[in-house]
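See structure below.
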Amino acid sequence: MLKNKTILITGSTSGIGLGIALEFAKQNTNVILNGFGSADDIEAAIKAVQQLTDGEVVYSDANMLKVDEIEQMIENANQQFGMVDILVNNAGIQHVSCVEDFPVQKWDDIIAINLSSAFHTVRLCLPNMRKANWGRIINIASVHGLVASPGKSAYVAAKHGIVGLTKEVALETAEVNITSNAICPAFTLTPLIEQQILNKAKVTGDKKSAIDALLSEKQPSKTFVEVKQLGQLAVFLCSDAAEQMTGTSIPVDGGWTAQ
Ligand code: NAD
């Protein structure tokens, strides 16, 4: 169904983005990976994705903080594949601190990477999606796009923002075959939450009890979301069954936002 489509996933050298890339590779799409990491890690990611798809796998080192690099990344994608059919805005960073101590540079970076980069990729990909009368935009928001937690002002603001952008793009594209949806995961075991676990371990004494404490606080299932589950949901959002789903924000959160 998705064979010959091209997917671009920002921030896909690790964690959720890589998990999504692997699930789309199983659908034989072309895959454009993006993100940072050591040369070895990036090579390993490309290889893992390439093993699953008959399509092409390419890597862009574009920094989502830099508009000119985002523009170049989309231009390269258009030149190589004609267009980006499926756009997944996933790149994200986190910083935990109360508002009055929040480093200003961190605020700016989180808003730029977690929110503004999605505005840029969407505005650059939409013209070709409109021409093709087909496009799927999936924004990896968070439960923090729906509710807040103390210490995460920039992240919560950016994620609420991307939920709003998702709805806005859905309305602007409602009459063409383009959908725009957000996935809102709860705690998923990736490098992004590693620091939060280590900080908690300083209080609880060890990593296992830190993980138990972190999950017990917020996530009723007391179980991490798996990147594979998020990848499979993203594939579903590109299926015919999901054609009338647009503007949604789907929690994958073990009950977090039901509380
Ligand atoms: P991660 O740290 O494993 O992955 C983040 C990815 O973004 C990496 O590939 C990294 O290289 C890339 N990245 C960071 N800064 C970048 C930049 N300036 N330019 C380009 N790429 C950049 O984290 P993750 O947990 O997989 O997070 C992916 C997304 O999922 C984020 O948007 C995050 O907010 C969201 N999310 C994560 C969780 C969780 O518990 N892990 C929960 C909800 C939402």
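Derivation of every value follows stated rules applied to the coordinates shown; laboratory data play no part. The shown structure was predicted, so the numbers you read here are calculated from the model rather than taken from an experiment. Methodologically, a virtual Cβ is constructed for each residue, glycine included, from the backbone with ideal geometry; neighbour enumeration extends over all protein chains shown.
For region 150-223 versus region 44-104, the inter-centroid distance based on Cα atoms is 18 Å. Remark: the Cα gyration tensor places region 107-156 in the oblate category, a/c being 1.5 or greater and a/b not exceeding b/c.
Peptides 243-250, 115-122 ranked from most to least packed by the mean count of surrounding Cβ atoms within 10 Å: 115-122, 243-250.
For region 1-155, the gyration tensor built on C-alpha atoms gives a prolate shape. Its axis ratio a/c (a ≥ b ≥ c) is at least 1.5, and a/b is the larger of a/b and b/c.
Each Lys or Arg adds one and each Asp or Glu subtracts one; over the other residues with Cβ under 11 Å from the Cβ of Gly92, this totals 0. Over the chain, DSSP H runs of length four or greater, each weighted -39,500 (n - 2.57), average out per residue to a 222 nm ellipticity of -14500 deg cm²/dmol. Taken as Cα centroids, region 109-125 and region 245-259 sit 22 Å apart, rounded to the nearest whole angstrom.
Only Lys, Arg, Asp and Glu count, each charged at its Cβ (+1, +1, -1, -1), so figure out the dipole size of the chain about its Cα centre, rounded to 20 debye.
Values: 20 positive and 27 negative charges, 110 e Å.
Dipole magnitude for the chain comes out near 520 debye.
Assuming 0.36 nm per residue, please report the length gained on full extension of the stretch Asn199 to Gln51 beyond their Cα-Cα distance.
Details: separation 148, 0.36 × 148 = 53.28 nm, distance 3.66 nm.
Taking Asn199 through Gln51 to full extension adds about 49.6 nm, to one decimal.
Among the listed pairs Lys152/Lys200; Lys152/Lys208; Lys152/Lys218; Lys152/Lys228; Lys26/Lys228, a Cα-Cα separation exceeding 18 Å is found for Lys152/Lys208; Lys152/Lys228. Ellipsoid fit via the Cα gyration tensor, the chain: semi-axes of 29, 20, 18 Å, each the root of five times an eigenvalue, largest first.
Taking other Cβ within 10 Å of each residue's Cβ, how do Thr29, Thr6, Thr173 sort, fewest first? Write out the running numbers ahead of the final one.
On the way: Thr29 29, Thr6 23, Thr173 20.
Listing Thr29, Thr6, Thr173 from fewest to most nearby Cβ atoms yields Thr173, Thr6, Thr29.
For region 153-259, the convex hull drawn through the C-alpha positions has a volume of 112 cubic angstrom per residue.
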